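What follows is one structure encoded as structure tokens, with my remarks underneath.
The values are calculated or read from the model by the stated rules, or taken from the named source; none is laboratory data. Predicted, not measured: the structure shown is a model, and the values here were computed from it. Virtual Cβ from ideal backbone geometry, glycine too; neighbours counted across all protein chains shown.
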Amino acid sequence: MATISKDTPCLSITSVARDRLPIFPTNAIKKIACSALNEARGSGRFAIFAYVIMPNHLRYGWICAKSSGTSPDDLRQGAAMPRKNKGD
């Protein structure tokens, strides 16, 4: 479990589609998004404790750094997520 502190921040984030377009219109697309979030839970330097997928937005209930050195800006911008090489 992540400890919330100045060095290991925890945020609540909402991502909204441009013009509130319904980017998650079907259950199949929602399942793809859930799979991606579950993958990020295991491979990122952050913990996602809850999320909600709505037709036109995604709300992360709590997204927290797993260790010190990850800033709130890193979490907001997704910089804490490891980047994969094209060969991976």
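With the requirement that a residue be free of Cβ contacts under 8 Å to residues at least 40 places away in the same chain and surrounded by 13 or more Cβ atoms within 10 Å (Cβ to Cβ), what does the stretch 11-33 give you?
Going through the stretch 11-33, the residues free of Cβ contacts under 8 Å to residues at least 40 places away in the same chain turn out to be 18-33.
Within the stretch 11-33, ILE23, PHE24, ILE29, LYS30, ALA33 qualify.
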Original post:
In the stretch 66-80, is there at least one residue being in a loop (DSSP other than H, G, I, E, B), at pLDDT 60 or above and in contact with a helix residue (DSSP H, G or I) (Cβ under 7 Å, 6 or more places away or on another chain)?
Top reply: no
